[in-house]
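Some notes on the structure that comes next.
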Amino acid sequence: MATIKAWKFGDPSAPAFPDEFEIVKKAVLQVTDIKTNHNKYYAIELHAAKHQGSELYRVFTHYGRTDDLETNPNAGQKECRFFDALPLADANYQSILREKTGPRKGYKEVALASSKIGSQKARGTSTGEVDGKTLEKLKSKDGAAVPVIKTSPLHPGVQALVRYLYDEATNALTSTVAAKITANGIETPLGILTVGQIEKGEKILEELYALFQKAQSKQRDERLVELSGDFYTTIPHRIGRTRAAVDGAVINTLENIFQKQETLQLMKDMLQVNGDGSVLFDATVDKEYQALNCKVGWLDPAGGHFQELAEHVVKSQLRTRNIKVKNIFTVKRGGEWENFARDVGNEKLLFHGSRIQNWVGILSRGILLPKIVVSMGVQRTDAGWLGNGIYFGDAACTSAFYTSPGKQNTRLMSIARVALGKKKEYTKITYGLAGPPDGYHSCHGLRNQPGVKSEFTDDEYVIYRPQQQRLEYLVEFAA
């Protein structure tokens, strides 16, 4: 048989294949050889789809070292081979299967009640011959048999987003804190962290912040070191063993305080979405989606609504023009739409950016008002130039500044409907505001431009009540 080109999954130059497809057949293979230290897996699937009246097929493979899956469920290499006829695709599928299970490769097919590798659609479904005892164990509480073969009702684009968000949040947490996600929750070398323990860490940060506000002195600096030790005792972190690493771990800047605050919020968010203790540990994408308690939909890039929003994002840029929209999702958080303050009026669609690891929390509990009022000049973080509020921009490039890329090199920002009401306009930075002046509903930092001399580089819109905003779209983009 002629060599068939294998494309890396997700390669933009690969032949197009619909997101909606059927899995015709699949297998999961495994080989362990102690002598050669081989411990490898190989998943193979045959996909069928229709596009504009034509039938399309592909052979999807996912392979790698089994050990790597313990730390990254998306580890390994994913490849696709494309065909326009089922016999050709099936022949390729059988050829690969014969090669892998032959004497030279030595793979064996394994039977799984619920696969954790392969395509996103195959995960959570059975593969191979599932025995009767396993089927018996999979009975539901009311005695009805649970279907072994199942597919997610979520659009593949939404599935990919959910998996991406959880992976980034989990990686951000476990790479910073000396912890791992288990069925019991966030487990540190000392034991399972509780919300109460995290709140103890928050109180220490508050004390650190209050101390930082005082004039610099030897006594203050020594106390910052002590409190930093208290914080890491309460919330175990990966610090390092060298003297330089330990010295660098002292929480003695506003940026460090904010980073630790963000980490604690991430921990609380992850505990919240973990719910019954199974979502993060042994999750299917459907469980993770349900834990968000937020309706997320995928917009077809070929549709007019997508194109209109994408154009709005791109044209809104002022200082830069490097945003490329990849995906747009509709968002509807439970309670947020019902509680939206429509009576305030003057509604605008505005942007809000945040780091990639924060979006599990934002989608599940909404945008929070900042806890600590800080002033960091141009590099402000938690609260900002117009005080302790929720900030939005009308230029996508402004909100993109507050985002961070994930492993897929894409970022996320929301488009929210914001009820600005009567705005108080500012041309000078005014720290410490807890709300708009009497008679106003929001504050607006006017950007510096011809005819307007201002300390603001970009237009900034600030509200001080979460009910004056609701998330409507989530934009995945590259910049």
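The rows are residues; the columns are (1) small (G, A, S); (2) buried (at least 18 other Cβ atoms within 10 Å of the Cβ).
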residue	(1), (2)
L318	no, no
K324	no, no
N327	no, yes
G335	yes, no
D343	no, no
S354	yes, yes
G361	yes, yes
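Under 7 Å between Cβ atoms, which residue pairs at least 6 apart in sequence (or on different chains) link something in the stretch 159-181 that is part of a helix (DSSP H, G or I) with a partner that is hydroxyl-bearing (S, T, Y)?
Sorted first by the residue in the stretch 159-181, then by its partner, the pairs are Q159/S152; V162/Y289; T176/T263.
Quick check on L205: is it among the hydrophobic types (A, V, I, L, M, F, W, C), more than 30 Å from L69 (Cα to Cα) and part of a helix (DSSP H, G or I)? So that I can check it myself, show each step before the final result.
Numbers: among the hydrophobic types (A, V, I, L, M, F, W, C): yes; more than 30 Å from L69 (Cα to Cα): yes; part of a helix (DSSP H, G or I): yes.
For L205, the condition - among the hydrophobic types (A, V, I, L, M, F, W, C), more than 30 Å from L69 (Cα to Cα) and part of a helix (DSSP H, G or I) - is met.
Within the stretch 235-260, can you find the residues that are part of a helix (DSSP H, G or I) and not charged (D, E, K, R)? Reasoning before the result, please.
We begin by selecting, within the stretch 235-260, every residue part of a helix (DSSP H, G or I); these are 243-248, 254-260.
Across the stretch 235-260, the qualifying residues are A244, A245, V246, G248, L254, N256, I257, F258, Q259.
How about the stretch 410-479: which strands (runs of 3 or more DSSP E) wholly inside it have at least 2 residues that are under 28 Å from the mean Cα position of the chain (by Cα)?
411-419, 460-463, 469-478
Which of the residues that make up the stretch 286-339 are of a type in the set (D, E) and closer than 18 Å to R417 by Cα?
Matches in the stretch 286-339: E308, E311, E336, E338.
Checking L208 against (1) surrounded by 19 or more Cβ atoms within 10 Å (Cβ to Cβ); (2) at pLDDT below 90, which single condition isn't satisfied?
The one condition L208 does not meet is (2).
The values are calculated or read from the model by the stated rules, or taken from the named source; none is laboratory data. The shown structure was predicted, so the numbers you read here are calculated from the model rather than taken from an experiment. Cβ: placed from backbone, ideal geometry, glycine included. Neighbour counts: every protein chain shown.
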